[in-house]
Structures are given as C-alpha cells and as structure tokens.
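**Student:** Quick one: structure below, then a few questions.
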C-alpha cells in the first residue's frame with residue numbers, strides 16, 4: 001500500500017509539474033482532488049486527471065491521464081482532424097495499472113451536398129466485461145425539406161443516438177467510467193441491425209415528432225414515436241410522450257410539463273397502466289415521479305420525488321440527478337441511489353472578481369424510515385471558487401444524521 005501511495009504521489013507530482021510548465025501550442029488542464037473519511041478520520045482517496053492537447057493546422061492530438069490512490073487508472077489517446085468536408089476521429093484506451101489494452105474507436109465522416117456519411121469501427125478487449133468484441137456501423141443522414149432522415153446499418157456495432165447511449169466502460173474497484181459512441185456487440189460478425197429515424201415531423205398540436213424503427217438479424221425489434229412540447233388547450237400545460245411497440249408489448253410514457261410562470265416549472269412523470277395480454281385495455285395512468293424547479297435570480301431550487309421506488313430511482317449527480325427506470329439505469333451503466341426516494345437541491349451561482357465563475361450546490365436526499373427529522377438521510381455540499389479563468393479551488397462535504405462522513409478538497413488549473 002505504501003509503495004502505491006509513493007508511486008502515485010511521484011507520478012502526480014510529475015504530471016503537475018508538466019502542467020505548470022506547459023507553454024506554447026500545448027494546452028490542457030490538471031484537476032486533482034483529495035477525499036477524507038471523516039468518521040475515522042483517515043485518508044480515503046486521491047484522484048488526479050491531466051488532459052493535454054496539441055494542435056497544428058486542422059489536426060489535434062490529445063492525452064487524458066487519470067490516477068487514483070491505488071494506481072494509474074486510465075490512459076487515453078485521441079486524434080481529431082478534418083480536411084474540407086472529410087473528418088476523422090480516433091480514441092485508444094489503456095488500463096496502465098494492469099497493463100491492459102481496453103478499447104479502440106475510429107470514425108470517419110464526409111458531408112456532400114447536404115448528405116452526411118459516417119463509418120464507425122470499435123474494438124473491445126477481453127480485459128473488459130462483454131469482450132472481446134469488434135464491429136462496424138455505417139450511418140447515412142440527410143434532409144428532405146424539413147424532414148431529417150438517418151439510416152444506421154449495424155455490422156456488429158451500435159452507435160449512440162437519442163435512444164441509445166453508446167458504451168460505458170466501468171472500473172469495478174472505483175466505480176469510475178468512460179463513455180464512447182460506438183459499442184461493439186457480441187456476436188460481431190455480419191449484419192446485426194438496421195435503424196431508420198425520421199425527425200422534424202409535425203402532426204396536429206405537436207411540432208416535433210421523431211419516429212424510429214429498429215430491426216435485428218432476427219427481424220422486427222421495435223417501433224417508437226417520440227413527441228416533445230405537445231400543446232394543450234391549457235396554456236400552462238404541455239406534454240412529452242413516447243410510444244414504443246415491441247413484439248407482443250407496447251408502452252406509453254407521458255411527461256406533463258406545468259409552467260407556473262417564468263420562475264417555476266412542474267414536470268409529472270407518468271405511464272399508462274394496461275392489463276395482461278396482447279389486446280389489453282388501458283386501465284389508468286400511473287404517476288411515478290414529480291419534478292419541481294424554480295429559479296430566483298442566481299438561485300435555482302429543484303426537487304425530485306420518486307413515487308414508485310420499486311421500479312424507478314434518482315441517478316447520481318454525475319448522471320444528471322434525474323428520475324430513471326432502474327432497469328434502464330442498469331442497462332446503460334448509470335449510477336443511482338436505490339435507498340433515496342426524494343432529492344432537494346439548491347444551486348447558487350456566485351460572481352467572481354477574477355474572471356471566473358463560482359457556485360455552491362447543496363444536495364439533500366430523503367429515505368423512508370431513516371430515523372432522522374423529515375427522513376433526511378444524506379446531505380452533500382459542493383463549492384467551487386474561481387480565482388481566475390485558469391485556477392479554481394473546490395471543496396465538498398457529505399454528512400448524515402450520525403455526523404460528517406466525507407470531506408474533499410481539490411483544484412483545477414487550465415492553460
């Protein structure tokens with residue numbers, strides 16, 4: 001353990017020195033954070049991230065290094081370039097602490113006469129869950145008047161879009177993750193899927209409708225329609241709706257938005273309840289979540305309530321602090337709080353005299369049967385103070401009814 005601490009400290013010091021000495025066309029940032037367990041108290045963790053980028057002409061090469069107390073966690077290299085209408089991008093990810101090659105992604109696209117053609121390739125090593133795997137995908141998109149058409153042919157790989165979040169590679173020991181657009185699948189040989197998406201459709205009181213149909217090598221998989229901002233006869237009420245058909249099943253998710261003026265907005269998360277069977281009648285509407293947000297000057301209040309905690313949960317701040325189905329969160333690798341049914345957050349934006357921006361965010365989570373006042377289970381406070389456009393200091397504290405649990409301090413320097 002001591003050797004790892006000494007080695008990590010040496011590497012972090014070297015990276016910090018490089019960051020502070022970086023000049024010329026070499027740009028980037030150095031971000032480090034120390035975490036302390038306040039209950040012991042003891043040194044709990046250290047995270048340091050160094051991002052470097054070097055550009056000349058239209059080509060940019062990047063390096064992303066991330067270290068933890070227990071070792072060198074990630075090393076990613078990237079390249080991005082363009083020549084006229086032609087654009088290429090590549091990513092290469094390693095796990096230096098174990099000496100493993102983890103993932104590679106390459107994309108190339110060209111835009112001609114309003115039509116964009118993209119080719120995607122990805123490879124996952126056997127050191128990652130679901131690996132080894134590799135695959136291609138070809139995406140063609142264009143516009144016909146106001147209608148946008150996108151066709152994606154999958155040859156062993158799926159590509160991120162509005163309905164699919166790509167691939168998330170998770171480090172099991174720390175819970176940290178990396179997300180990429182192209183997900184190589186198993187099996188990864190030959191034709192595996194075809195998706196066609198139409199967007200920009202209008203119908204009645206809905207100005208923005210997206211339709212998507214997806215086939216796999218086994219045949220029909222799903223057909224979905226998503227409409228946002230559906231107008232109603234009430235000026236303060238609008239709806240978002242997603243209707244999905246799959247083999248022998250169908251689902252409809254409704255999200256009503258109640259505008260309470262310029263200061264507040266209430267979102268209601270609801271789904272149709274149907275009986276069993278293929279032609280089951282609609283039995284009612286189930287409301288599984290509520291979201292209230294309010295902005296007063298530089299202060300934003302937000303409250304999330306999960307009314308069906310057996311199937312839905314609140315994701316962590318890293319994943320947007322949103323109400324999401326547990327099955328969907330697990331499938332997409334999103335972290336969530338299984339024990340908290342309500343979250344109240346206060347975000348205060350502060351001015352800065354040095355050219356940067358500062359703010360304070362307070363998250364309070366509530367759990368049924370926590371034994372504390374108002375069932376308050378955990379509160380975290382995060383604050384950042386910018387001393388300039390390049391230098392920012394951060395601090396955090398997490399505590400429950402039993403006392404302070406964690407403390408953190410960090411800084412970020414960019415050039």
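None of the figures in this text is laboratory data; all of them are computed from the coordinates on show. As the structure is a computational prediction, the values presented were derived from the model and not from experiment. Cβ placement follows ideal geometry from the backbone for every residue including glycine, while neighbour counts extend to all protein chains displayed.
**Student:** Sorted from fewest to most neighbouring beta carbons within 10 Å, what does the list 74, 415 look like?
**Tutor:** 415, 74
**Student:** Give me log10 I(q)/I(0) at q = 0.26 Å⁻¹ for region 58-110, Debye formula, one equal scatterer per alpha-carbon, no solvent.
**Tutor:** With one equal scatterer per Cα and no solvent, log10 I(q)/I(0) is -0.94.
**Student:** Still on this model: What nm distance separates the two modelled labels at residue 198 and residue 58, each placed 7 Å from Cα along Cα→Cβ?
**Tutor:** 3.5
**Student:** Among 189, 405, which comes first, second and so on when ranked by fewest other beta-carbon atoms within 10 Å?
**Tutor:** 189, 405
**Student:** What residue among 265, 376, 205 shows peak mean-square fluctuation when the chain is described by a Gaussian network model with Cα springs under 10 Å?
**Tutor:** 205
**Student:** Further question on the same structure: Once the piece of chain linking residue 98 and residue 39 is laid out straight, how much longer is it, given 0.36 nm per residue of separation minus the C-alpha distance between them?
**Tutor:** That pair, residue 98 and residue 39, stretches by 18.1 nm at full extension.
**Student:** What FRET efficiency, computed as 1/(1 + (r/R0)^6) with R0 = 51 Å and r the Cβ-Cβ distance, is obtained for residue 191 and residue 401, rounded to the nearest 0.05?
**Tutor:** FRET efficiency, residue 191 to residue 401: 0.35.
**Student:** Cut-off is 10 Å between beta-carbons; in what order do 26, 129, 102 appear when sorted fewest neighbours first?
**Tutor:** Ordered from fewest to most neighbouring Cβ atoms within 10 Å, 26, 129, 102 come out as 129, 26, 102.
**Student:** Here is a further query. Express in nm, to one decimal, how much length is gained between residue 307 and residue 111 on full extension, taking 0.36 nm for each residue of separation and deducting their alpha carbon distance.
**Tutor:** Residue separation times 0.36 nm, minus the Cα-Cα distance, leaves 65.9 nm.
**Student:** Another question, then. Starting from the Cα coordinates of region 40-146, work out the convex hull volume and express it per residue in Å³.
**Tutor:** 172
**Student:** Using only Cα positions of region 297-415, each an equal point scatterer, no hydration layer, compute I(q)/I(0) via Debye at q = 0.17, 0.20, 0.22 Å⁻¹ and quote the log10 values to two decimals.
**Tutor:** Values, matching the q order: -0.94, -1.12, -1.21.
**Student:** How high is the relative contact order of the chain, in percent, counting Cα pairs under 8 Å that sit 6 or more residues apart?
**Tutor:** 9
**Student:** Follow-up. Calculated FRET efficiency, residue 326 and residue 179, Cβ-Cβ r, R0 25 Å, to nearest 0.05?
**Tutor:** 0.80
**Student:** From the Cα gyration tensor of the chain, with a ≥ b ≥ c the square roots of its eigenvalues, which class applies: rounded if a/c is under 1.5, or else prolate if a/b is larger than b/c, or else oblate?
**Tutor:** Oblate is the answer for the chain, as a/c is 1.5 or above yet b/c matches or exceeds a/b.
**Student:** At what distance in nm do the modelled label points of residue 319 and residue 218 sit from each other, each positioned 7 Å from its Cα along Cα→Cβ?
**Tutor:** Spacing of the two 7 Å Cα→Cβ label points: 2.5 nm.
**Student:** Ranking request for peptides 398-404, 85-91: highest mean number of other beta-carbon atoms within 10 Å first, then the rest in descending order.
**Tutor:** Descending packing order for the listed peptides: 85-91, 398-404.
**Student:** Using a Gaussian network model of the chain whose springs link C-alpha atoms within less than 10 Å, name the residue from 105, 332, 68 with the highest mean-square fluctuation.
**Tutor:** Among 105, 332, 68, the largest mean-square fluctuation in the Gaussian network model of the chain belongs to 332.
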